[in-house]
Every structure is written in structure tokens, then in C-alpha cells.
1. In region 13-45, which residues are under 21 Å from T92 (Cβ atoms) and of a type in the set (S, T, N, Q)?
2. Modelled with pLDDT of 95 or more, under 14 Å from A14 (Cα atoms) and either of a type outside the set (V, I, T) or out of contact with any Pro (no Cβ under 8 Å at 6 or more places or on another chain) (or both): does that describe L120?
3. Among (1) surrounded by fewer than 18 Cβ atoms within 10 Å (Cβ to Cβ); (2) in contact with a His (Cβ under 8 Å, 6 or more places away or on another chain), which single condition is G21 missing?
4. How about region 72-101: which of its residues are surrounded by fewer than 17 Cβ atoms within 10 Å (Cβ to Cβ), hydrophobic (A, V, I, L, M, F, W, C) and under 14 Å from G28 (Cα atoms)?
5. Do we have any residue at all in region 114-130 that's under 14 Å from the mean Cα position of the chain (by Cα) and either under 28 Å from E221 (Cβ atoms) or surrounded by fewer than 16 Cβ atoms within 10 Å (Cβ to Cβ) (or both)?
6. With respect to the numbered conditions (1) among the hydrophobic types (A, V, I, L, M, F, W, C); (2) modelled with pLDDT under 95; (3) over 16 Å from the mean Cα position of the chain (by Cα); (4) not in a loop (DSSP other than H, G, I, E, B), which one is the sole condition not fulfilled by L213?
7. At least 3 residues that are more than 19 Å from L206 (Cα to Cα) in each: list the helices (runs of 4 or more DSSP H) lying fully within region 18-82 that qualify.
Amino acid sequence: MTALPQLISLLHLASPALPIGGFSYSQGLEAAIDCGLVNDAATAERWICDNLAHVQAQCEAPVWLLLHRAWREQDHASVRRWNDWFHATRETSELRLETEQMGWSLAKLIAQMGWGDDTLQGLLRDMSPVCLPTAFSAACAALQIDARDGLAAYAFNWAENQVAAAIKAVPLGQVAGQRILRGLHGVVLEVVDEAVRRANADPPQLSTFSPMLGLLSARHETQYSRLFRS
């Protein structure tokens, strides 16, 4: 069981109030709405669930765990390697800018809050760019948050941002959004289990195959009317 101080720290990190700009991104959801793939609560839930199960679980989540392990073991070469690897997998300029901006904002916050030692803060400062999974896993390692707990918060925070984007852009009502979030509780747990399996494989089992997301993200870059930056 997570100790109370770590639980409070985790709630702090996963809060939508964390000033890293997550509210301004939809990660392709807005383009899916524009194309008619998402048009109501049911299709929004399916979109978010599919992205969690087939995109997050196969790449970003296991990479997050590998980064957390590297931070905890002070394996700075692996931190840099997985950060650069993840950045290279971002298929469009929007997706790259998103992880760069949010990672930079969180890295800056880590320094301002005094989380972690000088070595951790110095490595975050020296890396350019710093991807969001790198910065979030660093914060969890600095605050002594368990890897599974930290990843669950990371995945749920992603889902929460997606639901907030759907509420604005579909649009959906607040109750519909909460029903979607409640339905994703079990999916988040499955994502964590799958990510642990993939991260612990030798070599790690990572897949970046998500052609629809890449196409929609590229389409969004020239979309005529939009609310979000991705």
C-alpha cells in the first residue's frame, strides 16, 4: 500500500491543476471528431479506451517504467537513451512539440519545487528536449513514488485530459464525461499490468504501430478550425 505522504505527492502530480499545459492538447482526438470518427459519448469512450489499450500500453507506458527504473538506479545513460528513443517515436510535429513543451514545463517545476537531488535536476536541465514521460517519472522517483502507482496516475491523467477535450469538442455533458472516466478505471489497471510485462521482457517489447493516430495528428496540423494544439 502506498504510504500517505507518497499518495498525497502522487495526487499533486496527477492533478489537472499541475501547470504543465495538458489541457491544451487532444492528441488527435479533435481531428477524429472533425472526421466524424468520434461524435458522441460512446465513440469518445471507445477512442480513449483504444488509445489506452493499444497505444499507451504498448509504448509510452512501458517506456515510462523503464525511465522510472533508470532514475531510481541513477542510470543516467539509460535515462538519456529512453528519452531520445521516445522523442524519435513521435510521428508528427504536433506530437513532438506536445511532449517537449509539457516535459520542459514539468522539469522546470521540479527544479522550482526542489524535488530530487542536484544530479536529477541537473540531468533534466541538461537534456534537450525533455519528454513528458521522462520528467514525470523523474518526479515520481524523486518523491519516492512506486513505479506501478506512478504509472497508474500518469495513465489516468492522460485519460482525464482526453475526457476533458471530448467534453469541449464533441461536445459532451459533465456527467457523460464522468461515466467515461469511471469506465476507464479497469482499463488503466490493465495498461499498468501490460506495461510491466513489456518493460520486464528482455529485450523490452515496445510497439509504436498506430497509423490512424499518426494520420489524424498530421491532418490536425492543417485543420481549419480547432481548439487544441494537437
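The values are calculated or read from the model by the stated rules, or taken from the named source; none is laboratory data. For clarity, every value in this text was computed on a predicted model and none was experimentally measured. When we count neighbours, we look across all protein chains shown, and the Cβ atoms used for this are built from the backbone with ideal geometry, even at glycine.
1. S24, S26, Q27
2. No: the conditions fail for L120.
3. With respect to (1) surrounded by fewer than 18 Cβ atoms within 10 Å (Cβ to Cβ); (2) in contact with a His (Cβ under 8 Å, 6 or more places away or on another chain), G21 is out only on (2).
4. The answer is L97, and nothing else.
5. The answer is yes, given that some residue of region 114-130 is under 14 Å from the mean Cα position of the chain (by Cα) and either under 28 Å from E221 (Cβ atoms) or surrounded by fewer than 16 Cβ atoms within 10 Å (Cβ to Cβ) (or both).
6. Only one criterion in (1) among the hydrophobic types (A, V, I, L, M, F, W, C); (2) modelled with pLDDT under 95; (3) over 16 Å from the mean Cα position of the chain (by Cα); (4) not in a loop (DSSP other than H, G, I, E, B) is unmet by L213, namely (3).
7. Filter on region 18-82 gives 29-34, 41-51.
Residues are listed down the side, and each one gets a yes or a no for (1) exposed (fewer than 15 other Cβ atoms within 10 Å of the Cβ); (2) touching a residue at least 60 places away in the same chain (Cβ under 8 Å); (3) more than 21 Å from A42 (Cβ to Cβ):
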site	(1), (2), (3)
C140	no, yes, yes
A147	no, yes, yes
W158	no, yes, no
A166	no, yes, no
L172	no, yes, no
R182	yes, no, no
V188	no, yes, no
R219	no, yes, yes
T222	yes, no, yes
